[in-house]
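A short worksheet on the structure shown next.
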Amino acid sequence: MTTVFVSSVIDAPAADVWAAVRDFNGMPQWHPLIADSLIENGLTADRIGCVRYFHTRDGGSIREQLLALSDYDYTFTYAILESPMGVSDYVATLKLTPVTDGDRCFGEWSAEFTAAPERETELKRFVSQEVFLAGFHALQARMVQRR
């Protein structure tokens, strides 16, 4: 099992950042890799068990299922159901924690997954840098623009 953990401090209140990421269908509005997204079967984007189907800007398609969501803890957990990445048992959690000094927030994004041993290093780098860290950087830029 491979574990990935990325953290970042975002110069905006946790509630503001949560408003951007909470929508399980809203990644195209803030993540640079995501072109479009839809929630399958007409379910709402905050319903546990809903499945989002999205396309990446390079043409890939991914299906993910929302496993948990907490407005109190500013956290959600999801699993990849289908992906071209070559991972299995992929479960990730994004969590925001208020930083009262400066009204910022601490973001944590982690995942565990299984991958072929020869691809493990490549996938760990991709998920940590291109997905998680790129997402945090995009959120930072979005929050600065809104100020």
Inset, instruction - Collect the residues in segment 55-107 that are aromatic (Phe, Trp, Tyr), touching a Pro at 6+ places or on another chain (Cβ under 9 Å) and either surrounded by fewer than 16 Cβ atoms within 10 Å (Cβ to Cβ) or at pLDDT below 95 (or both), keeping them in residue-number order. - result: PHE106
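Condition (residue is in a strand (DSSP E or B) and within 21 Å of ALA111 (Cα to Cα)) applied to segment 12-20: is it met by at least one residue?
So in segment 12-20, the residues in a strand (DSSP E or B) come out as none.
No - not one qualifying residue is present in segment 12-20.
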Inset, instruction - Just need a number here: residues in segment 21-60 that are in a loop (DSSP other than H, G, I, E, B) and either among the aromatic types (Phe, Trp, Tyr) or touching a helix residue (DSSP H, G or I) at 6+ places or on another chain (Cβ under 9 Å) (or both). - result: 7
Legend entry - Of the criteria (1) touching a Lys or Arg at 6+ places or on another chain (Cβ under 8 Å); (2) part of a strand (DSSP E or B); (3) open to solvent by 60 Å² or more (accessible area, probe 1.4 Å), which one PHE5 fails: (1)
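For THR121, indicate whether it is in contact (Cβ under 8 Å) with a residue 12 or more places away in the chain and not in a loop (DSSP other than H, G, I, E, B). Lay out the reasoning, then the answer.
Working: in contact (Cβ under 8 Å) with a residue 12 or more places away in the chain: no; not in a loop (DSSP other than H, G, I, E, B): yes.
For THR121, the condition - in contact (Cβ under 8 Å) with a residue 12 or more places away in the chain and not in a loop (DSSP other than H, G, I, E, B) - is not met.
Kindly indicate which of ILE48, ILE34 is at pLDDT 95 or above, touching a strand residue (DSSP E or B) at 6+ places or on another chain (Cβ under 9 Å), open to solvent by 40 Å² or more (accessible area, probe 1.4 Å) and among the β-branched types (Val, Ile, Thr).
Working: ILE34 fails: open to solvent by 40 Å² or more (accessible area, probe 1.4 Å).
Testing whether each residue is at pLDDT 95 or above, touching a strand residue (DSSP E or B) at 6+ places or on another chain (Cβ under 9 Å), open to solvent by 40 Å² or more (accessible area, probe 1.4 Å) and among the β-branched types (Val, Ile, Thr) leaves just ILE48.
The values are calculated or read from the model by the stated rules, or taken from the named source; none is laboratory data. If you're wondering where the values come from, they're calculated on a predicted model, not measured in any experiment. Neighbour counts are summed over all protein chains in view; Cβ atoms, including those assigned to glycine, are modelled from backbone coordinates with ideal geometry. Accessible surface areas use protein heavy atoms only, side chains included; no ligands, DNA or RNA. Shrake-Rupley method; radii C 1.70, N 1.55, O 1.52, S 1.80 Å.
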